[in-house]
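Bear in mind these aren't lab numbers, they're just calculated from the coordinates by the rules spelled out. Note that the coordinates shown come from a computational prediction; the quantities given were computed from them, not determined experimentally. When we count neighbours, we look across all protein chains shown, and the Cβ atoms used for this are built from the backbone with ideal geometry, even at glycine.
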């Protein structure tokens, strides 16, 4: 969608959108966006069925918004179940971000058949587990002993 700063500078007079569900899947968001756009003097037109301020058109917009929201939840649930089924069948890796010590095929990052171990990194992980278990160190002290060149995922201590 257009940058709101550009709208505030009146760079847009009209926005054409295929249908309301392309603007937002939730009716509430559709209304808020349309109101915001109109506040900046930008007219919103839907190409598949032009809408007016007529109460019948507004009711239709609400109904279409509710249907789009329902469809979105159905699609999300089906995708979740599909991923879960693939995971249980061993056809999908459980993570989105690849853990340290592993490499995947960039074209098929969730395919278990494409998973490889990075030998140097897995040796370091094994060493860290040994350090943690043998000496009874806290998790944080293990991180302190990592070589400086080791880059872990952002957000890890």
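Ranked by Cβ crowding within 10 angstrom, fewest neighbours first, how are 51, 79 ordered?
Values: 51 16, 79 10.
Ascending number of Cβ neighbours within 10 Å: 79, 51.
Each of 19, 55 was scored by other Cβ atoms within 10 Å of its Cβ. Arranged with the fewest first, they read 55, 19. Here is how the number arises for the chain: DSSP H runs of 4 or more residues each give -39500 (n - 2.57), the sum is divided by the residue count, and the result at 222 nm is -16000 deg cm²/dmol. Each of 96, 31 was scored by other Cβ atoms within 10 Å of its Cβ. Listed from fewest to most, they are 96, 31.
Using a/c under 1.5 as the rounded threshold, could you call the chain rounded, prolate or oblate? The axes a ≥ b ≥ c are square roots of the C-alpha gyration tensor eigenvalues, and prolate needs a/b larger than b/c, oblate otherwise. It is prolate, given that a/c is not under 1.5 and a/b is the larger ratio.
For a Förster distance of 30 Å, can you work out the FRET efficiency between the beta-carbons of residue 105 and residue 129, rounded to the nearest 0.05?
Working: r = 27 Å, r/R0 = 0.89.
For residue 105 and residue 129, the calculated efficiency is 0.65.
Report, in degrees rounded to the nearest 10, the 0 to 90 angle that the Cα long axis of helix 119-135 makes with the longest principal axis of the chain. That helix lies at roughly 70 degrees to the long axis.
Here the simple spin-label model places points 7 Å from the Cα toward Cβ, and for residue 119 and residue 88 these points are separated by 3.9 nm.
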